[in-house]
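Structure first, commentary second.
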Amino acid sequence: MRALIVEDDFISRKILKEFLDPVAECDIAIDGKEAVCALDDPKTVFNAFFQGGATAYLVKPLRKEKFFEELRKFGLIR
C-alpha cells in the first residue's frame, strides 16, 4: 500500500509517517501544491481518487477514531 501524507506541521508528518511505515510506502508533501507536484500532474490526483486508484481519503482536522477506522478497514490493525 502507498500513502501520501500532506501536512504542513513537521511533528504531525513525522508521527503519521512512523505510524504508517510498517504497513505502507509513504510519500510526504508539505502542502497541497507540493502534493500535486509530487504526483507529477493534477490529473493524477483526480484519477487516483475519483477513478478508483485511491482507496481512502482523510482530511484535517484528522480525528483519531476516523484514522483508526480506515486502518481497520484495510486490515492493517485490529
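The values are calculated or read from the model by the stated rules, or taken from the named source; none is laboratory data. As the structure is a prediction and not an experimental result, all values here were calculated from the model. Cβ coordinates were reconstructed from backbone atoms using ideal geometry, including for glycine residues, and neighbour counts include every protein chain displayed.
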Quiz item: Which pairs have Cβ atoms under 9 Å, sit 6 or more apart or on different chains, and link a residue in the range 53-71 that is under 20 Å from ASP9 (Cβ atoms) to one that is part of a loop (DSSP other than H, G, I, E, B) and acidic (Asp, Glu)?
Solution: LYS60/GLU7; LEU62/GLU7
Quiz item: Which pairs do you get when a residue that is closer than 16 Å to ALA54 by Cα and among the charged types (D, E, K, R), found in the range 4-32, comes within reach of a residue that is surrounded by 13 or more Cβ atoms within 10 Å (Cβ to Cβ) and modelled with pLDDT under 85, reach meaning Cβ atoms under 9 angstrom, with the pair 6+ apart or on two chains?
Solution: GLU25/ALA3; ASP27/ALA3; ASP27/LEU4; ASP27/ALA35; ASP27/ALA38; ASP27/LEU39
Exercise. Filter the range 20-40 down to the residues that are surrounded by fewer than 17 Cβ atoms within 10 Å (Cβ to Cβ) and within 15 Å of LEU76 (Cβ to Cβ), then identify the one that is modelled with the highest pLDDT.
Key: ASP21
Exercise. Please work out if LYS43 is farther than 21 Å from GLU25 by Cβ and modelled with pLDDT of 75 or more.
Key: no
Quiz prompt | Lone unmet requirement of (1) modelled with pLDDT of 85 or more; (2) in contact with a Cys (Cβ under 7 Å, 6 or more places away or on another chain) for VAL6 | solution = (2)
Quiz item: Pick from ALA54, ALA48: which is hydrophobic (A, V, I, L, M, F, W, C), modelled with pLDDT under 85 and not in a helix (DSSP H, G or I)?
Solution: ALA54
